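Below is one structure, written out as structure tokens; comments come after it.
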Amino acid sequence: MKPVDRPDQVKNFVQQTLGCGCPEPVFQSMLTDTFTPAELVSVVVTRLLIGQRLLVYLVHPGNAGPPMKDLLAALTACGREERERCGYNRLRLVVVTGEECYPALERSFSELQGEDDRLFLHLLTSRDSALAATGLLSSHP
């Protein structure tokens, strides 16, 4: 993983858009990379790690990705496993998609989340200015 290119914008996005209440010292370390989960060979996930505590998966599947319900299930399973294995406090899944997908994704996520109060879903459109300012998804569709 490498340090984020735009730390101030990433911090603003995580605090304001995602609602993270992490203390300021946590934001001294913000690392990012990309990966492709084995179950989602056509999807690139941007991973963001804040202070070795908060794990964020950002994905913009575009039109060529798997069905959204399958995407969400795979991201949830992969992210939970990483969160638990590495001892992170929280996992935030950020899916960039059209607003018409929000209700179905929220229903699916509710089932996937179960009693896990350390797992969050954030649905954003590609027009979200705070996300755009981070540059995290600049190489994606």
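Taken together, the values in this text are just the output of simple stated rules run on the coordinates, not laboratory data. No experiment lies behind these values; they were computed from the predicted model shown. Because the Cβ atoms are built from the backbone with ideal geometry, glycine has one as well, and the counts that use them run over all protein chains shown.
Taking the range 18-62 as the range and being closer than 18 Å to Ser126 by Cβ and crowded, with 17+ Cβ neighbours inside 10 Å as the test, the residues that pass are Leu18, Val43, Val44, Val45, Thr46, Leu48, Val56, Tyr57, Leu58, Val59, His60, Pro61. Inspection of the range 103-120 finds a residue satisfying the criterion of being polar (S, T, N, Q) and more than 26 Å from Val26 (Cβ to Cβ). Of all positions in the range 118-137, at least one carries a residue that is closer than 17 Å to Thr36 by Cα, outside any helix (DSSP H, G or I) and not polar (S, T, N, Q). Only a single item in (1) of a type in the set (A, V, I, L, M); (2) crowded, with 20+ Cβ neighbours inside 10 Å; (3) under 16 Å from Leu105 (Cβ atoms) is not met by Ala73, and it is number (2). Looking across the range 82-102, just one residue is over 23 Å from Ser29 (Cα atoms), buried (at least 18 other Cβ atoms within 10 Å of the Cβ) and of a type outside the set (A, V, I, L, M, F, W, C), and that is Thr97.
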